[in-house]
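Participant: Right, I'll just put the structure down here and ask away after.
The values are calculated or read from the model by the stated rules, or taken from the named source; none is laboratory data. Model, not experiment: these values are computed from the prediction. FYI the Cβ positions are ideal-geometry reconstructions off the backbone, even for glycines, and counts take in every protein chain you see.
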Amino acid sequence: MKMPTTASALIGALLLGGCGASNMPATDAMLAGAHASLGENDAVTARQWLASAEPTLDNAAERKEYELLMAEVEIRTGQADVALPAMNRLLAADPGDPRAHEMAGKARLMLGEFSEALQHFSVAATSYTRDADVNRARDLGALAEGFEAYAQGRVAVARDAWAAIVDPKLRGGVLGASGGDGSELAAADGSLVRLNQSNR
C-alpha cells in the first residue's frame, strides 16, 4: 500500500497499530481511511482501504457506505460505467438518498448522459440538508445543464448555466479559458477531470 498522508495515515496508524485510544471498529476505520484518502484526491489508496474493508462488512449501513465510496473511486478513476449499477441498486432501495443521487449524477455526467445527470443532481440538491452539500449538487447540476446545452449547440445557454456555478474553481475551470472561440468545451472537459478530483 502506498504511504498515505495526513488523515488517512493517522487513521491507518490507529487501526493497524492497535492504538488503545481508538474505539473505532475496524470496518469503520477502514471506511474512514477510504473517505480521508478521497479527500486527499488519492483514489488508489482509497481503493486499497475499501478492498481491506469489504470482507469485514456485516450490516446494511456499512455496505451502503462502502458502495458510495467505491462509486466515488470508480468515477475518479474513469470507470463511471462500473459505478452506475451500484448507485442504481442503492436508489432502488432508497430513492431519496442524496449521496446516491449525487454519485449517479457524477457517473452519468462522465458518461455524457447530461439530462439524466441533471435529474440526479436536482434530487440531491433538494434532499441534502447541509448548505455545502446543496451548493455542490446545484453546481454539478449547472455543469450538467451547460454540457447538455453545449452538446446541442446552444453555447450562450451553456455559458449562462456555467456562470451560475457558485464554486469559483469549478466555474473558473469551465469559463476561465473560454474566449468565444469554441474553447468552452475544452475548458468544460477539464472541469470534468477536476470534478473527479474534488468534492468528497
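Participant: Would you mind telling me which numbered condition in (1) under 16 Å from the mean Cα position of the chain (by Cα); (2) polar (S, T, N, Q); (3) at pLDDT 90 or above Ser115 fails?
Facilitator: Evaluating Ser115 over (1) under 16 Å from the mean Cα position of the chain (by Cα); (2) polar (S, T, N, Q); (3) at pLDDT 90 or above leaves (1) as the failure.
Participant: Which numbered condition trips up Met87, out of (1) loosely packed, with under 15 Cβ neighbours inside 10 Å; (2) in contact with a helix residue (DSSP H, G or I) (Cβ under 7 Å, 6 or more places away or on another chain); (3) free of Cβ contacts under 8 Å to residues at least 24 places away in the same chain?
Facilitator: (1)
Participant: Next question. Looking at segment 9-48, which of the residues that are in a helix (DSSP H, G or I) and of a type in the set (D, E, K, R) is modelled with the highest pLDDT?
Facilitator: It comes out as Arg47.
Participant: Can you tell which of Ala124, Ala144, Ala53 is surrounded by 23 or more Cβ atoms within 10 Å (Cβ to Cβ), in a helix (DSSP H, G or I) and in the same structural domain as His35 (by TED's automatic domain parsing)?
Facilitator: Residue meeting the stated conditions: Ala53.
Participant: Given the structure, is Ala92 within 26 Å of Ala46 (Cα to Cα), surrounded by 22 or more Cβ atoms within 10 Å (Cβ to Cβ), aliphatic (A, V, I, L, M) and outside the structural domain of Asp42 (by TED's automatic domain parsing)?
Facilitator: no
Participant: While we're here: If we keep just the residues of segment 174-200 that are surrounded by 18 or more Cβ atoms within 10 Å (Cβ to Cβ) and more than 28 Å from Ala36 (Cα to Cα), which is modelled with the highest pLDDT?
Facilitator: Among them, the one singled out is Leu175.
Participant: Please specify each residue of segment 157-173 satisfying the condition of being of a type in the set (Lys, Arg) and either under 13 Å from Phe147 (Cβ atoms) or surrounded by 14 or more Cβ atoms within 10 Å (Cβ to Cβ) (or both).
Facilitator: Arg159, Arg171
Participant: Cβ contacts < 8 Å: first residue at positive phi and free of Cβ contacts under 8 Å to residues at least 12 places away in the same chain, restricted to segment 67-84; second residue of a type in the set (A, V, I, L, M, F, W, C) and assigned to a helix (DSSP H, G or I), any location; separation 6+ or different chain. Result?
Facilitator: none
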